[in-house]
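Peer 1: Below are the structure tokens for one structure; questions will follow.
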Amino acid sequence: MLERKQLKGRTQVTFILPDNAPEGPVSVVGDFNHWNPAAHPLEPRGDGTRAATVALPAHSAHSFAYLAAGDYWFDDDHADSHDGVNGRIHT
């Protein structure tokens, strides 16, 4: 799931997954962090989910995916659109 919050000139995007699906560490990777899995790991939240928040320029589009343990790449069904195997988010 994706949540957005508009800020001055930027959009704060929170990438959210269930706490245990998939198991193990998961990161959101994309063109906004040079596909670096260490940049935005999802952290547990009190509501049984885990999330990472990224501030992106307003009125832009970015490709992203999730990377889990074991080199398991997967997409977000709630992405605004898709670019081949990657999700796209529009701010």
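The values are calculated or read from the model by the stated rules, or taken from the named source; none is laboratory data. Predicted, not measured: the structure shown is a model, and the values here were computed from it. Reconstructed Cβ throughout: ideal geometry from the backbone, glycine too, with neighbour counts over all protein chains shown. Side chains included, ligands, DNA and RNA excluded: accessible areas come from the protein's heavy atoms. Shrake-Rupley method; radii C 1.70, N 1.55, O 1.52, S 1.80 Å.
Peer 1: What accessible area per residue, rounded to a whole number of Å², is obtained for the range 17-91 using a probe radius of 1.4 Å?
Peer 2: For the range 17-91, the solvent-accessible area averages 54 Å² per residue.
Peer 1: Then there's this: Might you report the magnitude of the Cβ-based charge dipole of the chain about its Cα centre, with Lys and Arg at +1 and Asp and Glu at -1, to the nearest 20 debye?
Peer 2: 500 debye
Peer 1: Could you look at the chain and say what percent of its accessible area is carbon and sulfur, using a 1.4 Å probe and all protein chains?
Peer 2: C and S atoms contribute 52 percent here.
Peer 1: To continue, here is another question. Any idea what the alpha-carbon Rg over 2.2 N^0.38 Å comes to for the chain?
Peer 2: Taking N as the residue count of the chain, the ratio is 1.01.
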